[in-house]
Ligand code: ADP
């Protein structure tokens, strides 16, 4: 069982890299952003509620997010491990994740943070907006809000896992394959 958190600011390439890593290492990829977008697409109550936060660049409340994540993990007990993408996004979520895994005698092997500077992030997200159709990608103010939320609420999750040496940093600028190879070199040492 190898459970990894792929971490980093919005637009740092977590989704792209998580998909490639999940395929290569036969891990389940769980993206809370993708789960929310699926709920929004199906116009469920959860999706409608989540949209009211996502469209402003705010975090969806923990009770909703943790409940949705727990359900996804419980539906998939027969896996080699999980790549968590976009979760945990604050310390309370990290504590909930550790508890959920501990119930299964599991733990997070590593948190891997993709490092990308603010201007690169804004450029990437505005570029992605041309094709993603995401309302939270289209407006620079909302993007800046997401970056602020990351710095204030999410960044402490890095320190949470670095206390016992489980947090790692990877340079997140370069080609998709260059970054992927940096990640693989690290994940190979964990598996
Ligand atoms: P990005 O990494 O580019 O911000 P995501 O798809 O991971 O994109 O997330 C999109 C939005 O979904 C976030 O800005 C937030 O509003 C919501 N979201 C995703 N994951 C979480 C989470 N763990 N807790 C709260 N809100 C979340």
For segment 160-188, the count of residues that are touching a strand residue (DSSP E or B) at 6+ places or on another chain (Cβ under 8 Å) and either at positive phi or exposed (fewer than 12 other Cβ atoms within 10 Å of the Cβ) (or both) equals 1
Please verify whether residue 100 is touching a helix residue (DSSP H, G or I) at 6+ places or on another chain (Cβ under 7 Å), farther than 25 Å from residue 139 by Cα and more than 9 Å from the ligand (Cβ to nearest atom), treating the condition exactly as stated.
yes
Checking 134, 124 in turn, the sole residue that is modelled with pLDDT under 95, surrounded by 14 or more Cβ atoms within 10 Å (Cβ to Cβ) and farther than 15 Å from residue 4 by Cα turns out to be 134
If we ask which residues in segment 1-40 are under 22 Å from residue 71 (Cβ atoms), assigned to a helix (DSSP H, G or I) and more than 13 Å from the ligand (Cβ to nearest atom), their number turns out to be 1
Return yes or no: is residue 105 on the phi > 0 side of the Ramachandran plot and either outside any strand (DSSP E or B) or surrounded by 13 or more Cβ atoms within 10 Å (Cβ to Cβ) (or both)? yes
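The values are calculated or read from the model by the stated rules, or taken from the named source; none is laboratory data. These figures come from a predicted structure and were not determined experimentally. Positions of Cβ are generated from backbone atoms using ideal geometry, with glycine treated the same way; all protein chains shown enter the neighbour counts.
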